[in-house]
Amino acid sequence: MIIDVRKCLAQGKFNADVAFSYRPDEGLIDIPYVSFKEPIAVKGSYHILEDDSLEFEAEVTYTLQGLCSRCLRETEETVKTSLHVYFVTEDNEEDYLFRGGMADLSEAVNDAVLLSMPRSLLCRQGCEMIAYHS
Ligand SMILES: [Zn+2]
């Protein structure tokens with residue numbers, strides 16, 4: 001979701017709730033045989049601050065589906081994470097930058113997804129490798 005900050009300022013709309021979902025790039029997932037089951041869901045709000053930067057807070061939910069990294073059974077896992085970021089007009093190497101007066105919230109959500117991504121998908125806690133009996 002892209003917020004047109006200049007338009008918000010012109011309309012005096014400094015606070016808003018946002019809820020959106022989108023199909024993320026599968027490249028965010030680094031686990032073999034795993035993909036996103038459904039679009040990433042984002043629910044939060046943004047505030048435009050006095051210095052025209054934008055504060056964005058949200059809860060992010062996504063579901064991974066695919067094969068258990070240990071036993072290769074079909075499984076899925078829902079991950080919830082949250083983010084709290086700022087979009088600014090000048091690059092400070094810490095916050096997100098506006099592009100042409102626009103804040104691309106999905107950019108921040110993608111990063112939150114990457115940070116929260118499990119390293120493997122397990123069908124249950126402590127799933128073991130397929131046992132080979134000798
Ligand atoms: Zn398993």
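Values quoted throughout were computed directly from the atomic coordinates according to the rules given, and no laboratory measurement underlies them. Every value quoted in this text rests on a predicted model; they were computed, and no experiment measured them. Methodologically, a virtual Cβ is constructed for each residue, glycine included, from the backbone with ideal geometry; neighbour enumeration extends over all protein chains shown.
Within region 14-24, the set of residues being assigned to a loop (DSSP other than H, G, I, E, B) and more than 20 Å from Ser120 (Cβ to Cβ) comprises Phe14, Arg23. Among the residues of region 98-105, is there at least one that is out of contact with any His (no Cβ under 9 Å at 6 or more places or on another chain), surrounded by fewer than 13 Cβ atoms within 10 Å (Cβ to Cβ) and on the phi < 0 side of the Ramachandran plot? Yes, there is a match, as at least one residue in region 98-105 is out of contact with any His (no Cβ under 9 Å at 6 or more places or on another chain), surrounded by fewer than 13 Cβ atoms within 10 Å (Cβ to Cβ) and on the phi < 0 side of the Ramachandran plot. Restricting region 52-61 to residues that are more than 16 Å from Glu107 (Cβ to Cβ) and touching a strand residue (DSSP E or B) at 6+ places or on another chain (Cβ under 8 Å), which is nearest to the ligand (Cβ to nearest atom)? Among them, the one singled out is Thr61.
Being under 21 Å from Ser120 (Cα atoms), β-branched (Val, Ile, Thr) and over 13 Å from the mean Cα position of the chain (by Cα) is not true of Ile2. All conditions but one from (1) more than 16 Å from the ligand (Cβ to nearest atom); (2) surrounded by 13 or more Cβ atoms within 10 Å (Cβ to Cβ) apply to Glu94; the one that does not is (2).
Could you list all residues from region 49-65 that are more than 19 Å from Phe20 (Cα to Cα) and among the aliphatic types (A, V, I, L, M)? Leu49 - this is the single residue of region 49-65 that is more than 19 Å from Phe20 (Cα to Cα) and among the aliphatic types (A, V, I, L, M). Considering Gly27, Gly12, Gly44, the condition of being out of contact with any Lys or Arg (no Cβ under 6 Å at 6 or more places or on another chain) and surrounded by 15 or more Cβ atoms within 10 Å (Cβ to Cβ) is satisfied by Gly44 alone. Out of region 62-88, which residues are within 16 Å of the ligand (Cβ to nearest atom) and either under 14 Å from Lys37 (Cβ atoms) or buried (at least 16 other Cβ atoms within 10 Å of the Cβ) (or both)? Selection gives Leu64, Gln65, Gly66, Leu67, Cys68, Ser69, Arg70, Glu74, Thr75, Glu76, Glu77. For region 87-112, a residue qualifies if it is among the β-branched types (Val, Ile, Thr) and closer than 12 Å to Met1 by Cβ, and exactly one does: Val109.
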